[in-house]
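K.L.:
Structure provided below as structure tokens; questions to follow.
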Amino acid sequence: MDKVLYVAMSGARESMMAQQAHANNLANATTTGFKTDLAQARAMQVFGEGLPSRVYAMTERPATDTSTGTLMQTGRDLDVAINGEGWIAVVAPDGTEAYTRAGELQINAANQLVTGSGLPVLGAGGIAVVIPPAEKIDIGNDGTISARPLGEGAAELLLVDRIKLVKPDSDALFKGLDGLMHVPGNAPLPPSLDVSLRSGYLESSNVNAVNELTEIISLARQFEMQVKLMKTAEENSSAAARILQLS
């Protein structure tokens, strides 16, 4: 009975963890540039003292769906979307270089170009982009940032910097706990000239809300089945104990 109970217990636990992954996807269905987390479950052998006669269920996130979302026109000068493959390099909360496709850019109090969540955007030199006081800012298809300084004429444009755009192999990327994409070792990637931007656009999330909701319902039913299995194991154990008492 303990084998049945152990399998049912671990299955129920992992169903709850899978629920968290799909619920997070569903919660970010409208988040700009969000990429869907994939989840799967498999049987794992329990190693330890004695014979490896136990198995348990384990949920894992094998990969992230990096397919492109829909491009939505906003008309805002600081909104940018990656046209095709590629990523925008930013400074992660831990200070390392990370990558995102969330192009809701803005300027913070320190005149840094940052994402909607406040992460500094890296320039071509690998340092945060700083925008001088300007009346108008334009971002070109290649990531070049030009600005018209305050008080200057329309023909006076200042080349500020160029957004660092990278194009790593999708298999080399993984999503960290901060929600950003990283490469193993967090080594900075070289900028790529093959990545282009579309100014005045944002990329929507690639989450399929219908699929995520269906998975959540399916996992809820699996959890209920595992709980019933634990209850059945308990009833069988009680019946076996009563039989032993009679003998």
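K.L.:
If you take the residues of the stretch 26-48 that are closer than 29 Å to THR100 by Cα and open to solvent by 80 Å² or more (accessible area, probe 1.4 Å), which of them is modelled with the highest pLDDT?
P.N.:
Among those that are closer than 29 Å to THR100 by Cα and open to solvent by 80 Å² or more (accessible area, probe 1.4 Å), it is THR30.
K.L.:
Any residue at all in the stretch 137-145 that is assigned to a loop (DSSP other than H, G, I, E, B) and either touching a helix residue (DSSP H, G or I) at 6+ places or on another chain (Cβ under 8 Å) or more than 30 Å from ASP65 (Cβ to Cβ) (or both)?
P.N.:
Looking through the stretch 137-145, none of the residues is assigned to a loop (DSSP other than H, G, I, E, B) and either touching a helix residue (DSSP H, G or I) at 6+ places or on another chain (Cβ under 8 Å) or more than 30 Å from ASP65 (Cβ to Cβ) (or both).
K.L.:
Let me ask something additional. Working carefully through the options ALA8, ALA23, find the one that is open to solvent by less than 30 Å² (accessible area, probe 1.4 Å) and more than 15 Å from LYS175 (Cβ to Cβ). Step through it out loud before you land on a result.
P.N.:
Working: ALA23 fails: open to solvent by less than 30 Å² (accessible area, probe 1.4 Å).
After ruling out the rest, the residue left standing is ALA8.
K.L.:
Could you grab me the full set of residues in the stretch 69-92 that are assigned to a strand (DSSP E or B) and either under 24 Å from LYS136 (Cβ atoms) or of a type in the set (Val, Ile, Thr) (or both)?
P.N.:
Once the filter is applied, which keeps residues that are assigned to a strand (DSSP E or B) and either under 24 Å from LYS136 (Cβ atoms) or of a type in the set (Val, Ile, Thr) (or both), the stretch 69-92 yields LEU71, MET72, GLN73, ASP79, VAL80, ALA81, ILE82, ILE88, VAL90, VAL91.
K.L.:
On the given criteria, is LEU219 assigned to a strand (DSSP E or B) and open to solvent by less than 60 Å² (accessible area, probe 1.4 Å)? Working first, answer last.
P.N.:
Working: assigned to a strand (DSSP E or B): no; open to solvent by less than 60 Å² (accessible area, probe 1.4 Å): yes.
In short, no.
K.L.:
Still on this structure, I have one more. Identify all residues within the stretch 188-216 that are open to solvent by 50 Å² or more (accessible area, probe 1.4 Å) and of a type in the set (Asp, Glu); write none if there are none.
P.N.:
Within the stretch 188-216, ASP194, GLU215 qualify.
K.L.:
Look through GLY118, GLY140, GLY126, GLY176 and report the one residue that is open to solvent by less than 60 Å² (accessible area, probe 1.4 Å) and free of Cβ contacts under 8 Å to residues at least 24 places away in the same chain.
P.N.:
Numbers: GLY140 fails: free of Cβ contacts under 8 Å to residues at least 24 places away in the same chain; GLY126 fails: free of Cβ contacts under 8 Å to residues at least 24 places away in the same chain; GLY176 fails: free of Cβ contacts under 8 Å to residues at least 24 places away in the same chain.
None of the other options fit; the residue is GLY118.
K.L.:
Shifting gears a bit: Please go through the stretch 90-104 and pick out each residue that is charged (D, E, K, R) and surrounded by fewer than 20 Cβ atoms within 10 Å (Cβ to Cβ).
P.N.:
Correct list: ASP94, GLU97, GLU104.
The values are calculated or read from the model by the stated rules, or taken from the named source; none is laboratory data. Treat the numbers as computed from the prediction; the structure is a model and nothing was measured. So basically every Cβ, Gly included, is an ideal-geometry build from the backbone, and we count neighbours across all protein chains shown. Surface areas here come from the heavy atoms of the whole protein model, side chains and all, with no ligands, DNA or RNA. Shrake-Rupley method; radii C 1.70, N 1.55, O 1.52, S 1.80 Å.
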